[in-house]
């Protein structure tokens with residue numbers, strides 16, 4: 001557990017909780033990233049700008065932290081091209097079919113005590129655990 | 001107008017949270033998903049921290065009757081644990097485990113300007129478009145008395 005960063009994890013989590021609560025209590029919307037992005041594929045009048053701004057904000061917030069946060073900052077996105085494409089397709093397809101992702105089901109849905117979201121979160125966590133185990137410990141070296 | 005300001009601000013705070021917690025880094029996320037490796041529980045604390053706030057803020061009893069800036073709360077109404085939910089979530093988990101990215105960190109990761117992020121996002125949008133082709137099964141009609 002040498003990589004465990006409990007303090008920054010907790011602070012980051014609180015910020016995410018504040019953001020999701022703001023969006024719900026002020027705008028009445030669920031901060032589910034896959035739902036917000038997916039809604040852009042069937043654009044309705046007056047329902048596009050807030051989605052784009054929220055998504056732009058995500059990148060801006062991360063960029064802001066890149067500027068002011070402690071060094072060094074880098075991300076490791078190491079998959080091969082076919083892995084990146086397969087992963088992206090599965091994440092996009094799966095989250096829309098399943099009606100949510102880590103934020104919509106995991107953070108917002110569980111907070112509403114939704115049986116669907118609790119189930120979905122358990123299923124995608126389990127499936128991700130198994131996937132990583134197979135990739136790293138069955139096929140990996 | 002205010003609603004757009006709120007959407008942007010909430011996005012920025014959310015993105016900041018993903019940055020602070022290092023959840024923008026797929027390697028960090030995979031460290032959590034790799035139970036059999038050198039396990040990094042950080043992601044659980046990120047979710048825990050977020051839920052500590054939302055579990056209170058989302059309580060119906062503690063919420064105002066309607067959102068401050070909108071007519072009503074737009075909340076999901078489905079309650080059934082159907083095949084779409086289970087299959088979709090299982091497939092999402094496979095993709096998440098393959099790359100270490102879920103939708104939020106994938107979008108926030110644009111801040112790092114990696115071509116690989118763009119590839120993943122393009123495939124993710126394509127996957128979302130494909131999911132729209134899967135028809136929703138109609139609700140089973142009430143059985144007529146024989």
(message) Would the stretch A:96-141 count as rounded, prolate or oblate if I go by the C-alpha gyration tensor, calling it rounded below 1.5 in a/c and otherwise prolate when a/b exceeds b/c, oblate otherwise?
(response) prolate
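For the stretch A:6-139, what is the relative contact order in percent, using Cα pairs closer than 8 Å and at least 6 residues apart in sequence?
Working: 66 pairs, mean separation 37.3, N = 134.
About 28 percent, as a whole number.
Go ahead and estimate [θ] at 222 nm for chain A from helices alone: -39,500 (n - 2.57) per DSSP H run with n ≥ 4, summed, over the residue count, rounded to 500. Provide the component values of the computation, followed by the final result.
On the way: 5 runs with 84 residues, N = 141.
Value at 222 nm, helices only, nearest 500: -20000 deg cm²/dmol.
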(request) Please give the calculated 222 nm ellipticity per residue for chain B, where each DSSP H segment of at least 4 residues contributes -39500 (n - 2.57) and the sum is spread over every residue; nearest 500 deg cm²/dmol? (result) -18500 deg cm²/dmol
(message) For the stretch B:1-29 and the stretch A:76-108, what is the centre-to-centre distance using only Cα atoms, to the nearest Å?
(response) 17 Å
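Kindly identify the stretch B:1-135 as rounded, prolate or oblate by the Cα gyration tensor criterion: order the square roots of the eigenvalues as a ≥ b ≥ c, call it rounded if a/c is under 1.5, otherwise compare a/b with b/c, prolate if a/b is larger, else oblate. Let's see the in-between values first.
Values: a/c = 1.45, a/b = 1.29, b/c = 1.12.
Note, shape of the stretch B:1-135 comes out rounded.
Starting from the Cα gyration tensor of the stretch A:25-141, take the square roots of the eigenvalues, sort them a ≥ b ≥ c, and report rounded, prolate or oblate (rounded when a/c is under 1.5, otherwise prolate if a/b is larger than b/c, else oblate). Kindly include the intermediate steps, with their values, before the conclusion.
Values: a/c = 1.70, a/b = 1.23, b/c = 1.39.
It is oblate, given that a/c is not under 1.5 and a/b is not larger than b/c.
Determine the relative contact order of the stretch B:2-131: mean sequence separation of Cα pairs under 8 Å and six or more apart, normalised by residue count, in whole percent. Write down the numbers at each step before the final one.
Numbers: 58 pairs, mean separation 37.7, N = 130.
Relative contact order comes out at 29 percent.
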(message) Tell me the Rg and the Dmax, in Å, that the Cα atoms of the protein assembly as shown produce.
(response) 18.2, 73
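Which whole number gives the average count of other chain Cβ atoms within 10 Å of the Cβ atoms across peptide B:114-120? Walk me through the intermediate numbers first.
Numbers: counts 4, 3, 9, 5, 2, 8, 10.
Mean partner shielding for this stretch: 6.
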(request) Estimate the FRET efficiency between residue B:36 and residue A:78 by the formula 1/(1 + (r/R0)^6), using the beta-carbon distance for r and 22 Å for R0, to the nearest 0.05. (result) 0.75
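Throughout, read-outs are computed from the coordinates displayed, never taken from laboratory work. This one's a predicted model, so the numbers in the text were calculated from it and none came from an experiment. Note: ideal-geometry Cβ built from the backbone for every residue, glycine included; neighbour counts use all protein chains shown.
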